[in-house]
1. Between their Cα atoms, which of A:80/B:140; A:51/A:71; A:139/A:203; A:80/A:139; A:51/A:129; A:71/A:203 are more than 29 Å away from each other?
2. Using alpha-carbon pairs under 8 Å, 6+ residues apart, how would you state the relative contact order of chain A in percent?
3. With the Cα gyration tensor of the range A:54-208 giving a ≥ b ≥ c as the square roots of its eigenvalues, does the rule (a/c under 1.5 for rounded; else a/b larger than b/c for prolate; else oblate) give rounded, prolate or oblate?
4. At 222 nm, what helix-only mean residue ellipticity would chain B give, in deg cm²/dmol to the nearest 500, using -39500 (n - 2.57) for each DSSP H run of four or more?
5. Classify the range B:64-114 as rounded, prolate or oblate from the Cα gyration tensor: take a ≥ b ≥ c as the square roots of its eigenvalues, call it rounded if a/c is under 1.5, otherwise prolate when a/b beats b/c and oblate if not.
6. Once amide H atoms are placed 1.01 Å from N in the peptide plane, what residues at a sequence separation of 5 or more from residue B:108, or on another chain, have their amide H within under 5 Å of its amide H?
7. For an R0 of 30 angstrom, estimate the FRET efficiency from the Cβ-Cβ distance between residue A:46 and residue B:136 and round to the nearest 0.05.
8. Could you tell me the relative contact order of chain B? Use alpha-carbon pairs under 8 Å, at least six residues apart, and round to a whole percent.
Amino acid sequence: MAEHDHDHSGEHGSELSAMQLRVRALETVLTEKGYVDPAALDAIVEAYETKVGPHIGARVVARAWVDPDFKRALLDDASKATGTLTLANPAGDHLVAVANTPTLHNMVVCTLCSCYPWDMLGLPPVWYKSAPYRSRAVKDPRGVLADFGVALPPSTAIRVWDSTAETRFIVVPMRPPGTEGWNEERLAALVTRDSMIGTGLAKNPAAVA
Amino acid sequence: MDGIHDLGGMDGFGRIDAEPDEPVFHAAWEGRVMAMQRAMMYAGAWNIDMLRYAQERLPPRVYLGVSYYERWTLATESSVVERGCGDSDELAAGHALRPGRPLARTLTAAAVAEGLIRGGFERAAPGPARFAPGDRVRAKNIHPPTHTRLPRYARGHVGTVERLHGCHVFPDTAAIDRGEDPQWLYTVRFDGPELWGPDSDPTVSVSIEAFEPYLEPAPDHS
């Protein structure tokens, strides 16, 4: 982000919101006490705005689609397997990858707060952290999918993973038909954030043609 | 605690409203408060379970009524005070009025890349695991008044142990500054109708990540 446009400069002439003032007070107190370094805060914000995001998880999924050995290793120990890739952000501990099949669809939620695989997907969208999703995902996952425009065959089993500890989950969606011979880079463009949460499917190749 | 944060299975919140092309942050202050939390946890001021517990103790109408990062801001303010890092008069003044207690370390810009790598929560096991994959277990009917990670919808219900994840920091004690007290952690899967009744969708199953103190052997007949 631009230098300190959040803070002391660049906002003259505009009215600061109550939240801006409140957070600025907090940052000033913590900085004056030596607890936080504003330059480090800048770097954290920049990392999540520009470096860490769903493109990382998409690369992992695309590799799993083309490399059965990697897929096996990923499903066995995702933290270890993703460590073998050169990613912008190394995966932390206790990452668990779960794969969709024609008979099983996986969906990830955190009913108690907002646990999410930040290392693979970046920061979660607002809906993931919202009461409608957190309340319904465990009880009515088919209704949740309908809100996202996804209809699975009634016979497809749905498995919901509630992230109630420090384990983190990423869904490996099914590889779309019509992508035979595609390389990892092309395939990665089909892997959406929602498909790795389990509220969506990978894109149809026609959508990116 | 049986708080408003424990939302799993509640009705009435309406449809899910996904914002197309959502930005990472909707205002610059959201990024600042997220980053402050990361920096303060890196410094050892508090831990992730304390952050969660601070949010859970917000009044229910506040918890539901404010945005996600407003909740983080409120929880950061209360944690600063509770953890001896500042006082409310300082937050009101917007300046430090006295020195804070020393913390273990300060996150510098140069250390951010390393500081953002997710830390490990696995610890040495104090003893053997009580359960194994395939075991039938019941989530205990417990209602601790403080932080717990056993959701209400699972309590009293019988499921199957699927995975053993090793021994992990126990949130119930870590959140209230009573140490890490590592406990075995399991993935426990419940059939939908076990949780939501015989009329619910039989193709649904739900798993939780359950610490060993949350579980007991299932009764023989189940």
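1. From A:80/B:140; A:51/A:71; A:139/A:203; A:80/A:139; A:51/A:129; A:71/A:203, over 29 Å: A:80/B:140; A:80/A:139.
2. Values: 298 pairs, mean separation 46.8, N = 209.
The value is 22 percent.
3. Cα axes put the range A:54-208 in the oblate bin.
4. Values: 8 runs with 65 residues, N = 222.
The helix contribution divided over chain B gives -8000 deg cm²/dmol.
5. Judged from the Cα gyration tensor, the range B:64-114 comes out oblate (a/c at least 1.5, b/c at or above a/b).
6. Hits under the 5 Å cutoff: none.
7. 0.05
8. That works out to 19 percent.
Quick note: the coordinates plus some simple rules give every number you see, no bench work behind them. What you are looking at is a predicted structure, and each value in this text was computed from that prediction instead of being measured. Note that we place each Cβ from the backbone using ideal geometry, even for glycine, and neighbour counts take in every protein chain shown.
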